[in-house]
Amino acid sequence: MKRRNVQQKVDQELEHVTFQSQAQVLEKVKPSTKKQRLQAWLNKEVEVPLVPAATASLLLFASLTFPPFFLSNNQEHPTVHDTDELIERGGSVYWKSSYMEVKHDARENED
């Protein structure tokens, strides 16, 4: 009984209040055109967990900032001394020390 009295009192107080934006609300709730559907889809809230996002960002930053420690520049690019000179053989230019090493290895492989 008490609930019914409250409902009647609310109805009496809100009798003069009318809702005029019904069409706009219905458009936002159920968009009709593709453009409106796309806008509604792009307007959704996305929750990104903080710990995994921070970890991924830190790993990406570290991998781009620090060179890999297991790669040694000495093995990939041998050091050329200041006293080494460039020589031309067969139309190509070589460092003299590298050319002599290759020439020596080629002679050993022939035997």
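If the condition is being among the charged types (D, E, K, R) and loosely packed, with under 10 Cβ neighbours inside 10 Å, then segment 32-64 contributes 34, 35, 44, 45, 47. In segment 7-34, the residues that are among the acidic types (Asp, Glu) reach residues that are surrounded by 10 or more Cβ atoms within 10 Å (Cβ to Cβ) with C-beta atoms within less than 8 angstrom, at least six apart or across chains, in these pairs: 27/36.
Checking the stated criteria, residue 6 turns out not to satisfy the condition of being in a loop (DSSP other than H, G, I, E, B) and at pLDDT 85 or above.
The values are calculated or read from the model by the stated rules, or taken from the named source; none is laboratory data. Here the structure is a predicted model, which means the values were calculated and not measured. Positions of Cβ are backbone-derived with ideal geometry, glycine not excepted, and every protein chain shown enters the neighbour counts.
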